[in-house]
Amino acid sequence: FQVVPPAEAIPSQITQVTLALGADENYDPVEPTTTFASDQTVYLVGEGDLGLATWLQADWYVSGQLDETGTRSLTLEENISDAGFAFSFLPERGWPPGDHFVILTMNDQEVGRYSFTIVSSGG
């Protein structure tokens with residue numbers, strides 16, 4: 001199985017990805033960091049050239065285990081150069097302390113694995 005973009009689609013490529021405490025209305029990262037408190041939402045903020053029918057997905061791994069409640073995806077309905085995007089997740093019971101990661105997939109191909117660390121709230 002392979003995703004084949006339509007003939008009119010521009011080539012898709014991710015040019016930048018940042019973990020942050022938030023994203024603004026232009027999909028720019030707010031307070032980039034790789035360390036979060038257990039009660040903070042983690043944002044995966046990125047940009048790139050995204051072609052028509054390109055499919056992006058973020059899968060969040062808590063202590064090495066996929067948390068399917070955090071999986072989000074989007075499909076482009078037009079060609080967008082320098083497109084911004086953001087995915088975010090905070091597990092229902094908060095993040096357990098330790099190391100976690102999010103995998104960004106584009107058209108069924110892993111394009112990046114982004115690790116972050118959770119420290120106790122208030123610490």
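Within the stretch 4-26, is there a residue that is open to solvent by 70 Å² or more (accessible area, probe 1.4 Å), touching a residue at least 24 places away in the same chain (Cβ under 8 Å) and on the phi > 0 side of the Ramachandran plot?
Taking every residue of the stretch 4-26 in turn, none turns out to be open to solvent by 70 Å² or more (accessible area, probe 1.4 Å), touching a residue at least 24 places away in the same chain (Cβ under 8 Å) and on the phi > 0 side of the Ramachandran plot.
Looking at (1) modelled with pLDDT under 95; (2) part of a strand (DSSP E or B), find the lone condition where D82 falls short.
Only one criterion in (1) modelled with pLDDT under 95; (2) part of a strand (DSSP E or B) is unmet by D82, namely (1).
Restricting to the stretch 95-108, what's the tally of residues that are open to solvent by 20 Å² or more (accessible area, probe 1.4 Å) and either at pLDDT below 95 or not in a strand (DSSP E or B) (or both)?
4
Of the residues that sit in the stretch 67-84 and are in contact (Cβ under 8 Å) with a residue 12 or more places away in the chain and over 18 Å from A9 (Cα atoms), which one is surrounded by the most Cβ atoms within 10 Å (Cβ to Cβ)?
G70
Only one of (1) among the small types (G, A, S); (2) surrounded by 17 or more Cβ atoms within 10 Å (Cβ to Cβ); (3) out of contact with any Gly (no Cβ under 8 Å at 6 or more places or on another chain) is not met by G64, so which one is it?
Answer for G64: the failing condition is (2).
Need at least 3 residues that are under 18 Å from L74 (Cβ atoms) per element, so show me which strands (runs of 3 or more DSSP E) inside the stretch 1-60 make the cut, counting only ones lying wholly within it.
13-23, 42-50
Which ones in the stretch 85-94 are over 15 Å from A20 (Cβ atoms) and either open to solvent by less than 30 Å² (accessible area, probe 1.4 Å) or in contact (Cβ under 8 Å) with a residue 60 or more places away in the chain (or both)?
Selection gives P91, G94.
The values are calculated or read from the model by the stated rules, or taken from the named source; none is laboratory data. This one's a predicted model, so the numbers in the text were calculated from it and none came from an experiment. Don't worry about glycine lacking a Cβ; one is built from the backbone with ideal geometry, like all the others, and counts go over all protein chains shown. For accessibility, only protein heavy atoms count, side chains too; no ligands or nucleic acids. Shrake-Rupley method; radii C 1.70, N 1.55, O 1.52, S 1.80 Å.
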